[in-house]
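A short worksheet on the structure shown next.
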Amino acid sequence: MTDVSRLLDAAHRGDPHAAAELLPLVYDELRKLAAAKMASERPGHTLDATALVHEAYARLTGGRSFESRSHFLRAAARAMRSILVDHARARNAAKRGGQARRVELDPDHPAIAPTDARLEALDEALCRLAVEYPSQAELVQLRYFAGLTLDECARALGVSPRTADTWWAFARAWLAVALDGP
């Protein structure tokens, strides 16, 4: 059992010191994920990778428990998504036009630089996808918001790389239709 798995297990059993010991072990990996995501954000963004990691970690350690390293990474991707979408919504509160725009998800480089309005549209479409196809939505979340490769996503989700590739193709097509709709 790795140190991360041991600490996640201890936190799951209620050890209050486990979360404090966990941060140094996962910080570099979370920082890389956040840096990759922030590199695709618009210039002048008020959040930076460090702030995103700290906010996400604060949300993750708020009394939650994790079963494994992949469960923790999936939760981190959700937290980062939530933080970035909340930030975009707050910034666009007065600017909403309700006009959805198409968001292209490049299979080779999922981290694109959406505007705040496009990020909100993607988030809304991703929420709708999650209702019908939760695994595919989680894959998109890991690829797009955490910047993981398809192989890393497959390991995090516990599926084969081929299944992850199929889910990615399906989710991209589904989102393209949802974002290009009326």
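Arrange the peptides 134-147, 164-177 so that the one whose residues have, on average, the most other Cβ atoms within 10 Å appears first. The partial results should precede the final answer.
Details: 134-147: 22.8, 164-177: 17.6.
The peptides rank, most packed first, as 134-147, 164-177.
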With R₀ set to 22 angstrom, the calculated FRET efficiency between the beta-carbons of residue 124 and residue 173, to the nearest 0.05, is 0.80
Placing each pseudo-label 7 Å from Cα in the direction of the beta carbon, residue 180 and residue 25 end up separated by a distance in nanometres of 4.6
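Read-outs throughout are calculated quantities, based only on the coordinates presented, and are distinct from any laboratory measurement. Here the structure is a predicted model, which is why all the values come from computation and not from measurement. Quick reminder, even Gly has a Cβ in these numbers, built from the backbone with ideal geometry, and neighbours come from all protein chains shown.
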